[in-house]
Ligand SMILES: NC(=O)c1ccc[n+]([C@@H]2O[C@H](COP(=O)([O-])OP(=O)(O)OC[C@H]3O[C@@H](n4cnc5c(N)ncnc54)[C@H](O)[C@@H]3O)[C@@H](O)[C@H]2O)c1
């Protein structure tokens with residue numbers, strides 16, 4: 001009996017960008033990242049937006065559209081940002097993955113196009129799974145908007161949804177094209193975590209706070225979400 005056996009390696013490149021105000025038209029970080037996958041035509045892009053972010057920053061969709069209009073020679077937003085619910089509930093069914101797939105089909109998103117997730121880790125996991133499984137892998141960019149996701153899933157290579165009562169039962173390892181990371185985190189979520197960590201009598205850390213803290217300690221100071229911690233007053237000017 002003859003047999004062929006070979007080993008092979010697949011290498012990936014993951015870029016992590018550190019920036020603030022990513023959708024300010026004068027901020028060229030996102031445009032430059034997306035333009036790297038060039039084929040001479042504007043890059044078709046679809047944006048999946050966390051519902052809670054869209055409610056706390058009602059102008060976010062408009063700002064995203066303006067960003068793409070400003071850079072329309074290189075970027076093409078194929079439709080207004082698609083708002084889906086964030087948080088763990090969004091991972092508890094296949095519904096939102098399928099919803100994103102149907103948009104990718106409708107707007108002819110191909111392997112040279114981009115799916116950008118903007119939101120917490122749960123939303124990024126759902127958008128990432130949809131991107132990884134459409135056409136066997138559409139380019140995916142993660143823009144994290146919570147403290148944990150800025151330190152973890154925003155720069156991670158996994159995605160997934162929950163099933164059969166098990167967390168991340170369905171998922172893939174698929175390095176995103178890029179992750180984007182704010183250097184100082186002052187989201188409502190981070191204020192909540194900071195509050196928890198500041199309570200003198202509480203000796204318990206939430207799993208999210210623990211994960212954030214461990215990731216933060218492993219990062220250099222300039223990128224540390226807790227670089228300015230503890231925060232006395234919330235920064236109301238926080239914008240993605
Ligand atoms: N893929 C990975 O590598 C990886 C790594 C770690 C964790 N995770 C996953 O990440 C998830 C946890 O992520 P999380 O801690 O970011 O929480 P989350 O995604 O559950 O978000 C928490 C809440 O904050 C809301 N939100 C998000 N951004 C906001 C903003 N800027 N303003 C107001 N509300 C906002 C969300 O809608 C949600 O209701 C878990 O499902 C976990 O499995 C994935």
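The values are calculated or read from the model by the stated rules, or taken from the named source; none is laboratory data. Given the structure is predicted, the values throughout are model-derived calculations rather than measurements. Glycine gets a Cβ as well: all are built from the backbone with ideal geometry, and neighbour counts include every protein chain shown.
Out of the residues in region 101-125 that are farther than 16 Å from residue 33 by Cβ and in contact (Cβ under 8 Å) with a residue 60 or more places away in the chain, state the one that is farthest from the ligand (Cβ to nearest atom).
In this case the residue turns out to be 108.
Would you mind listing the strands (runs of 3 or more DSSP E) fully within region 39-134 where at least 2 residues are under 14 Å from the mean Cα position of the chain (by Cα) and buried (at least 23 other Cβ atoms within 10 Å of the Cβ)?
43-50, 114-119
What is the number of the single condition among (1) closer than 16 Å to residue 117 by Cα; (2) away from the ligand (no atom under 16 Å from the Cβ); (3) surrounded by fewer than 16 Cβ atoms within 10 Å (Cβ to Cβ) that residue 33 does not meet?
In the conditions (1) closer than 16 Å to residue 117 by Cα; (2) away from the ligand (no atom under 16 Å from the Cβ); (3) surrounded by fewer than 16 Cβ atoms within 10 Å (Cβ to Cβ), residue 33 misses (3) alone.
Quick check on this structure: which one of 25, 58 is in contact (Cβ under 8 Å) with a residue 40 or more places away in the chain and either in the same structural domain as residue 123 (by TED's automatic domain parsing) or farther than 19 Å from residue 140 by Cβ (or both)?
Answer to the check: 25.
Quickly run through region 148-169 and pick out the residues that are modelled with pLDDT of 90 or more and assigned to a loop (DSSP other than H, G, I, E, B).
The answer is 157, 159, 160, 164, 165.
I'd like to know if region 6-16 contains one or more residues that are at pLDDT 95 or above, loosely packed, with under 15 Cβ neighbours inside 10 Å and not in a loop (DSSP other than H, G, I, E, B).
Within region 6-16, not a single residue is at pLDDT 95 or above, loosely packed, with under 15 Cβ neighbours inside 10 Å and not in a loop (DSSP other than H, G, I, E, B).
Give the residue, chosen from 61, 98, 93, that is more than 21 Å from residue 154 (Cβ to Cβ) and within 16 Å of the ligand (Cβ to nearest atom).
Answer to the check: 93.
Quick one: in region 36-58, of everything that is more than 16 Å from the ligand (Cβ to nearest atom) and in contact with a helix residue (DSSP H, G or I) (Cβ under 8 Å, 6 or more places away or on another chain), which residue is farthest from residue 120 (Cα to Cα)?
Once the filter is applied, the top-ranked residue is 43.
Can you tell me how many residues within region 151-168 are surrounded by fewer than 15 Cβ atoms within 10 Å (Cβ to Cβ) and either free of Cβ contacts under 8 Å to residues at least 24 places away in the same chain or over 18 Å from the mean Cα position of the chain (by Cα) (or both)?
Total satisfying the criteria: 4.
Being out of contact with any strand residue (DSSP E or B) (no Cβ under 7 Å at 6 or more places or on another chain) and either more than 18 Å from residue 178 (Cα to Cα) or in contact (Cβ under 8 Å) with a residue 40 or more places away in the chain (or both): is that true of residue 31 here?
Criteria not met by residue 31.
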